[in-house]
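The values are calculated or read from the model by the stated rules, or taken from the named source; none is laboratory data. Here the structure is a predicted model, which is why all the values come from computation and not from measurement. With ideal geometry, Cβ positions are generated from the backbone for all residues, glycine too; neighbour counts draw on all protein chains shown. Please note that ligands, DNA and RNA were not included when accessible areas were found on the heavy atoms of the full protein model with its side chains. Shrake-Rupley method; radii C 1.70, N 1.55, O 1.52, S 1.80 Å.
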Amino acid sequence: MQSGRGGTYVSLVGFLVVVGLLCLVAAELHGIESKLVMQGQQIRALGEATDRLSAQRLPAASQGATAPPSAADEQPDHVLHPDAPNFLKPKAFHWPKPGASLDGVLRRGWPNGDLKGFNPLLEGSADILETIGTLCGASIADRNAWTNPDEWYGSLATRVEVTDDSKEFTVYLRKHLLWHAPLVDLNDPKYAWLKGNHEVTAQDFVFALDMIVNPQVQNGWLKSGFDNLESYKAIDDKTLVIRWKTSEYLNLETTLSLEPIPRFLFAYDEDGKPLPKETLGLRFNQHWYNNKGYLGAGPYRMVSYEPGNRMRMERFEDYFGEKPAIKEITWPIYTDPNQTLLKLKAHEVSIGVLTPGQYREEVRPYENSPNPPKNSPFFDGRLNCGRAPRFGYYYIGWNADRPLFADKRIRRAMTYALNRVQLIDSVFAGLATISDGPFQAGSPANDPSIKPIPFDLGEARKLLESAGWKDTDGDGILDKELRPGDQKRTPFEFTLLTYGSSKEYTALANVFKEDLLKIGVKLDIDAAEWSLMQKRMEEKNFDAFTGGWGTTWENDLHQVWHSSQADVPHGSNMVGFRNKRADAIIDKLRVTFDKEERLKLFREFHRLVDDEQPYTFLFSKIDYFCAWNEVKDVVVAKVRPALNMLPWSVAEGAQ
């Protein structure tokens, strides 16, 4: 028993020795590991310090214009159709220019008054969709606007697969996409739920499409472009598949120009509670953020909006692509266009577009003069001026749903009674070309056989008489029984709703009024501010109005001209144009890909509209813009907006 116990003691001692040695080894290993961790931290800190030092030594042209992630880094992790080519082309025009200042501030006036709202799915005006959207928004892809607009390059997407029938689009988003921070006080506990970075995902596109097709959402002008939509699905956070019911020509444009909507913001109320699915569309129309500012993922972030005072944007330093040179853009807000000239001459704004009247008074008389005014910034080298086409056409729209303008003879008579040639020369100072149809002046879509209807009061009077209008009571105003069985005759009197802040449109309306009175028609002028005018137009609360439509690189007539859009709430066919042959042409254009056949259809549509005269077409405008000489690298794009500021720069030190 003793020998057994002794053996046990020896074994125990040996075990303890082994355990002790193991503890020593473990302690040593832990020490080594700690040293390695510490060394790793030191190496990383050294690397970060080196990076900071390197950044400080970079030339100015490299700061604030960080190169986007490499092409390899942006490639999708997986591709659903590896044999399909990438539809997107390389970006063909780059900015900023080497050596451009990256700290400049551009001041550009906003003469249209306060905005009705900033939600791009609800607001159809060019102010939102082009001017602000171009700077603050981002879409799946963009056209090569300065070189070849027929080509698309990736914006939010790096790869797009398109089936041969143009019915299915597989979109692969970039990996490094962030939304701008919302324009609220993030230090307020109320908005704690909005703190942090929010990534742009395929779900944001799904949310945008949900809102576009939601019947509760008041965006009839936009819905018309998506009535061919069959399905859409987020495969994962970075992959989106959009499918259309039929093969249509504009499936490509509609898909690639689609912008996401930040679901993390617009799917919630102001307290961060999810909006009920049953009433989401209704709540979206009146969303608490709609009037606060534009929230996008583009190269500029809106950082302040003070109604009646100014807007301010800053370069978004976390932007995924090439950052613009201009660091900040400020927009003084006002409603009197005359202030643009005053602010420009006082150097309170860096660039401004002159009204035709301002151009006529300040520039036109001296353009070819050997002795221009010596103290004028337009002629002493301080301002550089140029011309840019405003892609679109302007018109007077006649409400065909009202008995007064239901007859095309009346509408044609109105066009005969408007002296467009004189108005362009005297009122618009030659900064326009006469329009005679729904396409940009000079577009091949215009039928060359169509000539502008001349100014002819005698012909206008004949058309009115043929439609039954006569002066039966001798008061100088034509009258008629508008409806069968009317007990009294109605005098020919109507109200023209026009843009109240424009001297040019006021002058146009007054000239028109005088000429119409000569043939027995009384015109009343209702000059309204833009926001009120928009509301009246959307509600179709007008006899006639002055308006304009922007033209895109690829024309889609459906939104403005198809009969199905005439009764859509907040739709674009505000004049109530309904024509079966026009509908057939529009429908055929949507499924026709052959360019020659499309051209024939466009020209037939031009002839039809010329016969119907739903609008009195006025002109296509030319913007005369002037910029102080610190504004550099000004180039004019080939598509809307022509004055796209992304490639521009402002010399260092300019204030």
Every residue in region 389-422 that is part of a helix (DSSP H, G or I) and either at pLDDT below 95 or more than 20 Å from Q440 (Cα to Cα) (or both), please.
P403, L404, F405, K408, R409, I410, R411, R412, A413, M414, Y416, Q422
Residue hits (region 136-183; under 20 Å from V200 (Cβ atoms), open to solvent by 30 Å² or more (accessible area, probe 1.4 Å) and hydrophobic (A, V, I, L, M, F, W, C)) are L178, A181, L183
Of all the residues that make up region 476-517, how many are without any contact (Cβ under 8 Å) to a residue 60 or more places away in the chain and either open to solvent by 70 Å² or more (accessible area, probe 1.4 Å) or under 28 Å from the mean Cα position of the chain (by Cα) (or both)?
15
Within region 411-422, how many residues are among the aliphatic types (A, V, I, L, M) and either surrounded by fewer than 21 Cβ atoms within 10 Å (Cβ to Cβ) or touching a His at 6+ places or on another chain (Cβ under 6 Å) (or both)?
1
Which condition number in (1) farther than 30 Å from E529 by Cα; (2) surrounded by fewer than 19 Cβ atoms within 10 Å (Cβ to Cβ); (3) in contact with a Leu (Cβ under 9 Å, 6 or more places away or on another chain) is the one that D103 fails?
(3)
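Yes or no, residue by residue, for (1) in a loop (DSSP other than H, G, I, E, B); (2) closer than 30 Å to F391 by Cβ; (3) among the hydrophobic types (A, V, I, L, M, F, W, C):
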| residue | (1), (2), (3) |
| --- | --- |
| I453 | yes, yes, yes |
| L464 | no, no, yes |
| G476 | yes, no, no |
| L482 | yes, no, yes |
Being at pLDDT below 95, open to solvent by less than 40 Å² (accessible area, probe 1.4 Å) and touching a Gly at 6+ places or on another chain (Cβ under 6 Å) narrows it down to one residue among E74, E123; which is it?
E123
What number of residues in region 340-353 are among the aliphatic types (A, V, I, L, M), open to solvent by less than 10 Å² (accessible area, probe 1.4 Å) and outside any loop (DSSP other than H, G, I, E, B)?
2
Residue selected from region 372-409 under the condition over 30 Å from T131 (Cα atoms) and touching a strand residue (DSSP E or B) at 6+ places or on another chain (Cβ under 8 Å), by the criterion most open to solvent (accessible area, probe 1.4 Å)
L404
Filter region 591-647 for residues that are of a type in the set (D, E) and over 25 Å from T330 (Cα atoms); the one that is surrounded by the most Cβ atoms within 10 Å (Cβ to Cβ) is D610
Restricting attention to region 518-526, does a residue exist that is under 34 Å from the mean Cα position of the chain (by Cα), assigned to a loop (DSSP other than H, G, I, E, B) and not basic (K, R)?
no
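Have a look at N228, N219, N197, N251 and point out the one that is in contact with a strand residue (DSSP E or B) (Cβ under 6 Å, 6 or more places away or on another chain) and at pLDDT below 95.
Matching residue, one of N228, N219, N197, N251: N228.
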